[in-house]
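The values are calculated or read from the model by the stated rules, or taken from the named source; none is laboratory data. Everything numeric here is computed off the predicted structure, so don't read it as measured data. Glycine also receives a Cβ, built like all others from the backbone with ideal geometry; neighbour counts cover every protein chain displayed. SASA here: full protein model, heavy atoms, side chains in, ligands and nucleic acids out. Shrake-Rupley method; radii C 1.70, N 1.55, O 1.52, S 1.80 Å.
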Amino acid sequence: MACQRPRGTRGGMQRAAGCRGSVGRLQDNLSDTLKKLKITAVDRTEDSLEGCLDCLLQALAQNNMETSEKIQGSGILQLFASLLIPQSACTAKVANIIAEVAKNEFMRIPCVDAGLISPLVQLLNSKDQEVLLQTGRALGNICYDSHSLQAQLINMGVIPTLVKLLGIHCQNAALTEMCLVAFGNLAELESSKEQFASTNIAEELVKLFKKQIEHDKREMIFEVLAPLAENDAIKLQLVEAGLVECLLEIVQQKVDSDKEDDIAELKTASDLMVLLLLGDESMQKLFEGGKGNVFQRVLSWIPSNNHQLQLAGALAIANFARNDGNCIHMVDNGIVEKLMDLLGRHVEEGNVTVQHAALSALRNLAIPVVNKAKMLSAGVTEAVLKFLKSEMPPVQFKLLGTLRMLIDAQAEAAEQLGKNVKLVERLVEWCEAKDHAGVMGESNRLLSALIRHSKSKDVIKTIVQSGGIKHLVTMATSEHVIMQNEALVALALIAALELGTAEKDLESAKLVQILHKLLADERSAPEIKYNSMVLICALMGSESLHKEVQDLAFLDVISKLRSHENKSVAQQASLTEQRLTVES
């Protein structure tokens, strides 16, 4: 719920009996009014009470802060809790006064301390629309910008009550707006999502959305939909309630407009569409085996001339490409060519977000084994390599991921890429991109993948000549076991296939010392210990590296590993110990 300007002055801004003097003298009369209010609040004399409340409302309208300070000082707030009763004709005015004073930050805690929240929450069950409106404003202003108070409201069950109110009073614009503002604020809290999911909020919002013509009203509903749609259960409810059809209609209506509001609404609608596709169930429901109307419409966005639609289309495809079945279907039905055409339009001074989205989609599509060869023969690597000169880390990151997925278990493609000097030099450069951990990590992983999947001497030579060895050695010390392992396997292949070429680089990168640390460290994973020992054995073919191994007393560390709980590690320790003993 949020702090709002007072909406409508129905309920007490007019002059009433019992309020002495002109507007100019209101502040002078305020002390008298507050004294009188204390008496009438106890007596419950409706006419006198109403007159006093009207005086307060007028004083607040004239000088809210000063009047609020006097109200706080008078101790009258505590009495308001007893006046917030459904049967009273003055209830709306009391709630209105609370809403007005709670616009001031310094008044919010006093309102809480006066015990006003509980009776206000009870009033949300009222049938009187004016009471509901002023109660909503009061609660919204008291809890404005306070996650703890908003969480308290959620625990008191206001969400189902407000959703019900929206359904009953959807013809009342002020009440509808009050509910939407409340939903927008409460939906930001993670604790609210489960409660929202157990109501028919999706149905009510979509119903309301369909009726709206004005941009501002639709925007207000969008502001509620976006945080709610982060929850997977609500995503599915929104899809089932027909939100996607509404969004597609907006896209169709606004796509050719150059009005600022229409461009903004097109972006919001297409972004929300992509968000709905992030849920597995909602995404699969909309995919409909690749034959669904929604999927077909999204496909038509990719060749569009509108950058926002190109972006949303590519992101949607990336989201549809989250399981193998969908990926295989899309590749078989020509999606790769569409994405490559889109990338081709954004090579020279292209739109970075579109580049990033199209590369994301290609990366996901390249995950299933059966798609790799098809995508390679379609020329995806060539299309992707055009972005090698990009200076944008998000594009670099996705480019690297796409290439790594494509060459997985594809020896020929890995060899071809691994002999590409420009690519390897760029990878070595990005391995030092300390400001961009993602790019640095992916560059290291691709370097290792080129060796592991090609098992090619030429690839190893290219990487050695480009200065890549030191990065693979550093990668063996990564905090991620998977990266450590990939590095150790690549280094073992280097030692087995081209030890003479790489010897000096391995020495200067202090590989032997690193392997000693990995083996001595109890925290090292079993596969790390195993592969480190395999690598030690492979390094024995180099005189200088062999000497380093002897100098570091590896036998002490390795003999301890013979009793390791992992059988493979224990076995490899015995073999390594024999090898080191024979060659010592």
**Asked** What is the one condition in (1) touching a Gly at 6+ places or on another chain (Cβ under 7 Å); (2) within 24 Å of ALA318 (Cβ to Cβ); (3) open to solvent by less than 20 Å² (accessible area, probe 1.4 Å); (4) not β-branched (Val, Ile, Thr) that LEU236 does not satisfy?
**Response** (3)
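Can we say GLU382 is surrounded by fewer than 21 Cβ atoms within 10 Å (Cβ to Cβ) and either in a loop (DSSP other than H, G, I, E, B) or among the aromatic types (Phe, Trp, Tyr) (or both)?
Numbers: surrounded by fewer than 21 Cβ atoms within 10 Å (Cβ to Cβ): yes; either in a loop (DSSP other than H, G, I, E, B) or among the aromatic types (Phe, Trp, Tyr) (or both): no.
In short, no.
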**Prompt:** For segment 548-563, what are the residues that are among the hydroxyl-bearing types (Ser, Thr, Tyr) and exposed (fewer than 13 other Cβ atoms within 10 Å of the Cβ)?
**Reply:** SER563
**Asked** So which pairs qualify, if the first residue must be in segment 442-453 and under 14 Å from THR474 (Cα atoms) and open to solvent by 10 Å² or more (accessible area, probe 1.4 Å), the second must be of a type in the set (Asp, Glu) and part of a helix (DSSP H, G or I), the Cβ gap must be under 8 Å, and the two must be at least 6 apart or on different chains?
**Response** ARG445/GLU486
**Fill in**
Those residues of segment 492-513 that are buried (at least 20 other Cβ atoms within 10 Å of the Cβ) and either hydroxyl-bearing (Ser, Thr, Tyr) or farther than 20 Å from ALA409 by Cβ (or both) come to a total of 6
**Item:** Residues of segment 150-179 satisfying the condition of being open to solvent by less than 10 Å² (accessible area, probe 1.4 Å) and among the aliphatic types (A, V, I, L, M)
**Value:** LEU153, ILE154, VAL158, ILE159, LEU162, VAL163, LEU166, LEU175, MET178
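In contact with an Asp or Glu (Cβ under 8 Å, 6 or more places away or on another chain), open to solvent by 20 Å² or more (accessible area, probe 1.4 Å) and of a type in the set (Lys, Arg): does that describe LYS461?
On the way: in contact with an Asp or Glu (Cβ under 8 Å, 6 or more places away or on another chain): yes; open to solvent by 20 Å² or more (accessible area, probe 1.4 Å): yes; of a type in the set (Lys, Arg): yes.
Considered against the rule, which asks whether it is in contact with an Asp or Glu (Cβ under 8 Å, 6 or more places away or on another chain), open to solvent by 20 Å² or more (accessible area, probe 1.4 Å) and of a type in the set (Lys, Arg), LYS461 comes out as yes.
Working only within segment 361-379, note down all residues that are open to solvent by less than 10 Å² (accessible area, probe 1.4 Å), of a type in the set (A, V, I, L, M, F, W, C), closer than 19 Å to ALA414 by Cα and part of a helix (DSSP H, G or I). Give the derivation first.
Taking segment 361-379 first, the residues open to solvent by less than 10 Å² (accessible area, probe 1.4 Å) are 361-362, 365-366, 368, 371-372, 375.
Imposing the further condition that a residue be of a type in the set (A, V, I, L, M, F, W, C) reduces the set to 361-362, 365-366, 375.
Going one step further and asking which of them are closer than 19 Å to ALA414 by Cα, we end up with 362, 365-366, 375.
LEU362, LEU365, MET375, listed by residue number.
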**Message:** From the list VAL298, VAL331, VAL255, exactly one residue is in contact with a Gly (Cβ under 7 Å, 6 or more places away or on another chain) and buried (at least 17 other Cβ atoms within 10 Å of the Cβ). Which is it?
**Reply:** VAL298
**Prompt:** Assuming CYS90 fulfils every condition listed in (1) out of contact with any Cys (no Cβ under 7 Å at 6 or more places or on another chain); (2) under 24 Å from GLY167 (Cα atoms) apart from one, which condition is it?
**Reply:** (2)
**Asked** Of the residues that make up segment 155-164, is at least one part of a helix (DSSP H, G or I), farther than 15 Å from PHE183 by Cα and in contact (Cβ under 8 Å) with a residue 40 or more places away in the chain?
**Response** no
**Asked** If we only count helices (runs of 4 or more DSSP H) wholly inside segment 244-360, which ones have 2 or more residues that are hydroxyl-bearing (Ser, Thr, Tyr) and under 23 Å from ALA202 (Cα atoms)?
**Response** 260-276
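Consider ALA414 carefully, then state whether it is hydrophobic (A, V, I, L, M, F, W, C), open to solvent by less than 20 Å² (accessible area, probe 1.4 Å) and under 16 Å from VAL298 (Cβ atoms).
Working: hydrophobic (A, V, I, L, M, F, W, C): yes; open to solvent by less than 20 Å² (accessible area, probe 1.4 Å): yes; under 16 Å from VAL298 (Cβ atoms): no.
So ALA414 fails the test.
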**Fill in**
Going through segment 474-491 in order, the residues found to be in a helix (DSSP H, G or I) and surrounded by fewer than 21 Cβ atoms within 10 Å (Cβ to Cβ) are THR474, VAL481, ILE482, MET483, ASN485, VAL489
**Request:** Filter segment 135-149 down to residues that are outside any helix (DSSP H, G or I) and surrounded by 19 or more Cβ atoms within 10 Å (Cβ to Cβ), then give me how many there are.
**Result:** 1
**Asked** Mind checking which pairs have a first residue in segment 299-314 that is under 10 Å from ALA357 (Cβ atoms) and a second that is β-branched (Val, Ile, Thr) and open to solvent by less than 30 Å² (accessible area, probe 1.4 Å), Cβ under 6 Å, 6 or more apart or different chains?
**Response** GLN310/VAL354; LEU311/VAL354; ALA312/VAL274; GLY313/VAL298; GLY313/ILE302
**Message:** Please determine whether any residue of segment 448-466 is modelled with pLDDT of 95 or more, in a helix (DSSP H, G or I), farther than 26 Å from GLY334 by Cβ and under 30 Å from the mean Cα position of the chain (by Cα).
**Reply:** yes
**Fill in**
Expected output for segment 238-257 (first residue within 22 Å of LEU228 (Cβ to Cβ), partner not aliphatic (A, V, I, L, M), Cβ below 7 Å, 6+ apart or cross-chain) is VAL239/SER282; VAL239/LYS285; ALA241/GLU203; CYS246/PHE209; CYS246/LYS210; LEU248/ARG297; ILE250/GLU265; VAL251/SER270
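Out of curiosity, is ASP261 in contact with a helix residue (DSSP H, G or I) (Cβ under 9 Å, 6 or more places away or on another chain), surrounded by fewer than 19 Cβ atoms within 10 Å (Cβ to Cβ), over 29 Å from GLY350 (Cα atoms) and not aliphatic (A, V, I, L, M)? First the steps, then the outcome.
Details: in contact with a helix residue (DSSP H, G or I) (Cβ under 9 Å, 6 or more places away or on another chain): yes; surrounded by fewer than 19 Cβ atoms within 10 Å (Cβ to Cβ): yes; over 29 Å from GLY350 (Cα atoms): no; not aliphatic (A, V, I, L, M): yes.
No; evaluated as a whole, the condition is false for this residue.
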**Item:** Considering residues of segment 564-584 that are at pLDDT 90 or above and either touching an Asp or Glu at 6+ places or on another chain (Cβ under 9 Å) or not in a helix (DSSP H, G or I) (or both) only, the residue surrounded by the fewest Cβ atoms within 10 Å (Cβ to Cβ)
**Value:** GLU565
**Prompt:** Which one of these does LYS517 not meet: (1) part of a helix (DSSP H, G or I); (2) in contact with a helix residue (DSSP H, G or I) (Cβ under 8 Å, 6 or more places away or on another chain)?
**Reply:** (2)
**Residues (closer than 15 Å to ASP505 by Cα and open to solvent by 10 Å² or more (accessible area, probe 1.4 Å)) located in segment 529-540** = none
**Message:** I need every pair where a residue in segment 481-510 that is over 27 Å from ARG523 (Cα atoms) has its Cβ under 6 Å from the Cβ of a residue that is open to solvent by less than 50 Å² (accessible area, probe 1.4 Å) and outside any helix (DSSP H, G or I), sequence separation at least 6 or different chains.
**Reply:** LEU499/SER542; GLU503/SER542
**Request:** Hey, can you tell me all the residues within segment 184-233 that are surrounded by fewer than 20 Cβ atoms within 10 Å (Cβ to Cβ), out of contact with any Phe, Trp or Tyr (no Cβ under 8 Å at 6 or more places or on another chain) and not in a helix (DSSP H, G or I)?
**Result:** GLU188, LEU189, SER198, THR199, ASN200, GLN212, ILE213, GLU214, GLU230
